[in-house]
Amino acid sequence: MKSVLAKSILAAAIGFCALPGLAFAAPVKHFPSGGTAVSGSSPAYSAAVQSGDTLYISGTADGRDPDTGKPPVDATTGAKVVLNSVKKILETAGYTMDDLVWVQIFATDLKDYGDFNTVYRTYFKGPLPARAFIGAGSLLGGAHFEVMGMAVKQSAAQSGSK
């Protein structure tokens, strides 16, 4: 009997300790994807998900140039298309490119590294995010690049570094 009572008290104490943390948990907000020719009109993912001050951005690719409706003609155009898409996702959620802290770039051909970097640098005013550039072989929709990443509101990032 004492053992059961002790276990019940311990379980209750642990539960009460967790309650304050649950009260302050930020709600998760999903930003739906508008869909693409590859994913269809109702894709099986969100374009981004925000938890607290962090935004997680799903992979977005340069499969179709929104201006022409066709695949980008070269890697430079593909880089602009995919980075404009990332920028639009960030802005929809209230972030900027300078809020990005981590980025992964998947490329169908590693020889496009220099062309991508030339375009990439023009999208940032401040320090560049941490990142990886990965050879992926082939990407959905015949894309040159797919980009995913994480962004943190700069005001939150700056207050955490003090």
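No lab work stands behind these numbers, since they all come straight from the coordinates. Bear in mind the structure is a predicted one, so any value in this text is a computation, not a measurement. Don't worry about glycine lacking a Cβ; one is built from the backbone with ideal geometry, like all the others, and counts go over all protein chains shown.
Structure values in brief
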read-out: Net charge of neighbours whose Cβ lies under 12 Å from the Cβ of residue 153, counting Lys and Arg as +1 and Asp and Glu as -1; value: -3
read-out: Around residue 133: net Lys/Arg minus Asp/Glu count, Cβ-Cβ under 15 Å; value: -2
read-out: Sorted by Cβ neighbour density within 10 Å, fewest at the top, the residues 99, 109, 53, 62; value: 109, 53, 99, 62
read-out: In sequence order, calculated HN-Hα J values of segment 122-137 (Karplus, 6.51, -1.76, 1.60; Hz; x Gly/Pro); value: 6, 8, 10, 9, x, x, 7, x, 5, 6, 10, 10, 10, x, 10, x
read-out: Calculated from backbone phi, Karplus (6.51, -1.76, 1.60) coupling profile of segment 47-55 in Hz, x at Gly/Pro; value: 5, 7, 9, 9, 10, x, 9, 10, 10
read-out: Total charge dipole magnitude, segment 27-160, about the Cα centre, Cβ charges on Lys, Arg, Asp, Glu only, Debye to nearest 20; value: 200
read-out: Karplus 3J(HN,Hα) series, Hz, for segment 89-102 with 6.51 cos²θ - 1.76 cosθ + 1.60 (x for Gly, Pro); value: 4, 4, 5, 4, 8, x, 10, 10, 4, 6, 7, 5, 10, 8
read-out: Pairs of alpha carbons in segment 27-160 whose separation is greater than 19 Å (percent); value: 47
read-out: C-alpha center-to-center spacing [segment 84-125, segment 133-153] in angstrom; value: 10
